[in-house]
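Here's the structure we're looking at; comments come further down.
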Amino acid sequence: MKNQIAPNHAIVFRTAKGTVNRLTFNDPVLFKPIQQIDANFPSIIIDESKTFQTIEGFGGSFTDASAETFYRLPKERQKEILTNYFDAEKGIGYTLAKTHINSCDFSSESYSYDEVEGDFSLKHFSIGRDKKYRIPFIREALRVTGPGLKFFVTPWSPPAWMKTNNNMVHGGKLSPECYSAWARYLVRFIQEYEKAGIPIWGLTVQNEPMAAQIWESCIYTADDERDFIRDFLGPMLHSAGLSRIKLMIWDHNRGIIYQWAKVVYGDPEAAKYIWGMGYHWYSGDHFDNLRLVHETFTDKKLLFTEGCVFPFDWTKIDNWNWGELYARSMIMDLNNWSVGWVDWNLLLDEKGGPNHVSNFCFAPIIADTREGRLYYMNSFYYIGHFSKFIRAGAKRIVCSSNDDDLRCTAFLNPDGKIAVIVLNITEVNIDFQVFFKGHAAETESLAHSIMTILF
C-alpha cells in the first residue's frame with residue numbers, strides 16, 4: 001500500500017469494469033478550500049467528529065474444501081494465496097476468519113469428532129482429521145499474519161447420536177439429554193484447537209438454526225438457543241476459563257433477526273453470556289433489521305459471518321456483478337452497525353468444491369487444480385477495497401452522499417487515516433467531490449467501479 005500521503009492530498013485506489021484497474025493506485029487528488037457545497041454537484045461529506053461502531057475485521061472461511069484445494073496446488077501458488085489474502089501490504093490484509101466444527105457441506109464427507117454413540121464423557125473425541133489439511137492451512141496463514149488474525153468457530157451439526165433424527169444432515173434437533181455433552185463438546189473443540197496453536201476469538205452457537213438442509217444442519221428455535229446458552233453453554237465456557245470467547249447467536253439471514261434477538265436477549269441470564277449476533281445474506285436484504293437490533297440492544301454486536309454466490313458455473317466466473325453484490329452488501333451492513341464482514345470459502349477448485357452434497361459455489365479465488373492455476377474473481381478485489389484499507393480498530397464516521405448513485409461508507413483508522421469507499425454500479429462515470437473540514441477534493445467514479453480514497 002502506498003501510505004505516504006502529502007499534505008492536503010488524498011490517494012485513490014480503483015477497481016473498474018473494462019479497465020486494468022484492480023485495486024490500482026491512481027494519481028493523488030488535492031483538497032482545496034471551499035466555502036459552500038453546491039447542492040447540485042455530487043458530493044460525499046465526511047465528518048470524523050461523530051463515530052459509530054469499531055471494526056473487528058474482514059476475512060474469509062477456512063473450510064475443508066479450501067484446505068484440500070490449497071494442498072493440491074504447487075507451493076508457489078500456495079504462497080501466492082497466503083500473501084494475497086493475509087499480507088496487509090502485498091495483499092488485502094484479512095484479519096478475521098472462520099472455520100467449522102465437525103463437517104459442513106464444504107467437506108469431502110460428513111464426519112464428527114466423536115462418532116461413538118453414547119460417549120457422553122467424550123472419551124473418543126479427536127480433531128485428528130483436521131490435522132491433515134485444515135489445521136496446517138490455518139497455521140500457514142497465521143505465519144503471515146501473526147496474532148492479528150482472529151478466528152471464530154461454528155458448528156453445522158452435532159454428531160448424529162446427539163440428535164433427534166440420528167443423522168447429521170436433514171435438520172433434526174439436539175436431543176435434550178445431550179445438551180450438556182454438546183456444550184462440553186464445543187468447549188473441547190476450542191481447547192483442542194488452541195492446543196494446536198490456533199487461538200479462538202469467537203463461537204457461534206449454530207449455523208443457520210432455522211434451515212433443515214440436505215447437508216449438516218440442526219434446528220433450534222429462539223427459545224431453544226436461549227435455554228441452551230443460559231443453562232449449559234454459557235456456564236460451561238465460563239467454568240472452563242473461556243469467558244473471553246465472543247459468543248454469537250442466530251447466524252442466519254437478516255429477515256427475522258429482530259425477533260430472535262428479542263427472545264434471546266430478553267432473558268438477562270442468557271444475555272450476559274452473549275457478545276452479539278452473526279448473520280448471513282441468503283434471503284433478501286433487510287438491512288434495516290440490523291439497525292433495529294442495534295438501536296434496541298445497543299450493548300450487543302452485529303457481525304456478518306457468511307456469504308457466497310452460487311451455483312458455480314465456470315462460464316460466469318468473469319461476470320462483473322459478483323463484486324458489486326459483495327460491495328453493496330458490505331456498505332449497507334457496515335452503515336447499519338456491522339463490526340465486520342466474513343466471506344465463505346477462501347478458495348475452491350475448478351468445480352466449485354469439493355462438496356459432499358454437490359452444493360457447488362463460487363469463491364473469490366478459484367483454483368484449477370489440474371493445471372495449478374489461480375483465477376481471481378472481481379469479488380476478491382471488491383472485498384479488498386474494504387479489508388486492505390479499513391483496519392481492525394477503525395471507527396465508522398459520518399459519510400453523507402447527495403447522489404443516490406454513489407453508495408459510500410467511511411472509517412477513521414487507528415493510524416489517523418480516513419478511508420472512504422465509493423461504489424458505482426451504474427453505466428456512467430460520475431464526477432464528484434469529497435468534502436472534509438471546509439475543503440473538497442474532486443475526482444471521478446468510473447462506471448461499474450469501486451474506489452477507496454485515503455487521506
Nonlocal amide H pairs with residue 338, under 5 Å, H built at 1.01 Å: none
Restricting to DSSP loop positions (anything but H, G, I, E, B) with no more than 13 other Cβ atoms inside 10 Å of their own Cβ, which GluC sites (Glu not before Pro) remain in segment 412-455? 427
Would you report the distance distribution of C-alpha pairs in segment 5-48 as whole percents per 5 angstrom bin, up to the bin with the largest distance? 5, 16, 17, 22, 20, 14, 6, 1
Given the peptides 105-116, 22-33, arrange them by the average over their residues of other C-beta atoms within 10 Å, most packed first. 105-116, 22-33
Bins of 5 Å, beginning at zero and ending with the bin holding the largest distance: percent of Cα pairs per bin for segment 315-455, please. 2, 9, 18, 19, 17, 13, 9, 7, 4, 1, 0, 0
Expressed as cubic angstrom per residue, what is the convex hull volume of the alpha carbon set of segment 28-114? 211
Taking 132-138, 236-242 and ranking on average Cβ neighbours within 10 Å, highest first, one gets 132-138, 236-242
List the lysines whose Cα lies under 21 Å from the Cα of residue 17, skipping any in the same chain that are fewer than 8 positions away. 316, 388
Per residue convex hull volume, Cα atoms of segment 116-161, in Å³: 106
Please report, in cubic angstrom per residue, the volume enclosed by the convex hull of the alpha-carbon atoms of segment 18-74. 252
Sum of side-chain charges, residue 362 neighbourhood, beta-carbon under 9 Å (Lys, Arg +1; Asp, Glu -1): 0
Surrounding net charge for residue 213, when Lys and Arg each add one and Asp and Glu each subtract one, Cβ distance under 15 Å: -3
For residue 394, other-chain or 5+-apart residues with amide H closer than 5 Å (H placed, Pro excluded) are 55
For segment 157-257, which trypsin sites (Lys or Arg not before Pro) are both in a DSSP coil and crowded by at most 16 other Cβ atoms within 10 Å? 244
Relative contact order, percent, of the chain when contacts are C-alpha pairs under 8 Å separated by at least 6 residues? 23
Going from the alpha-carbon gyration tensor of segment 140-251, what semi-axes, largest first and in whole Å, does one get by taking the root of 5 times each eigenvalue? 25, 16, 12
Radius 15 Å from Cβ of residue 135, net charge of other residues (Lys, Arg +1; Asp, Glu -1): +2
Express the C-alpha Rg of segment 44-197 as a ratio against the empirical globular expectation 2.2 N^0.38 Å, rounded to two decimals. 1.24
For the chain, with +1 on Lys and Arg beta carbons and -1 on Asp and Glu, the positive-most of 383, 43, 110 along the dipole: 383
Would you mind listing how long the chain runs along its three principal axes, going by Cα atoms, in whole Å with the largest first? 73, 54, 35
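No value in this document is a laboratory result; all are computed from the given coordinates. Quantities reported herein were computed from a predicted structural model and do not represent experimental measurements. So basically every Cβ, Gly included, is an ideal-geometry build from the backbone, and we count neighbours across all protein chains shown.
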